[in-house]
Ligand SMILES: [Zn+2]
């Protein structure tokens, strides 16, 4: 992949990383300070009304974000090591289209499908 493209993906990845980190910080503030509502769901009264449901839901979002954050960090590491855009399973190049949809993709479409079928990834 040419350097210019890698720089572009790097910028996207850094942005995503920043957003996730802000999101996690925001959740920490809204969820764990006593007496505060989850401002992320102002339109859904069920989140505000019932304290019991707020925390598990927030934890869930944090887990999802954190797993993406790990993948984003991995992708940034690969950019540093000049291995970005290469499938971890077969070693072939991951298509540009796929990386544009998901810049932290670890596998090419074919391997991803195989892993999904065998239940190794969701
Ligand atoms: Zn592959």
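Any read-out appearing in this document is the output of simple, stated calculations on the displayed coordinates, not a laboratory observation. All values reported here derive from a predicted model rather than from experimental measurement. Note that each Cβ is placed from the backbone with ideal geometry, even for glycine, and that neighbours are counted across all protein chains shown.
Structural remarks
- Note on residue 82/residue 29: beta-carbon distance plugged into 1/(1 + (r/R0)^6) with R0 of 30 Å gives a FRET efficiency of 0.20.
- Here each label is just a point 7 Å from Cα along the line to Cβ, and for residue 5 and residue 93 those points are 0.5 nm apart.
- Gyration tensor (alpha-carbon) shape descriptor, the stretch 60-122, a/c threshold 1.5: oblate
- Going from the residue with the fewest nearby Cβ atoms within 10 Å to the one with the most, 67, 95 rank 67, 95.
- Taking 11, 17 and counting other C-beta atoms within 10 Å, the order from fewest to most: 11, 17
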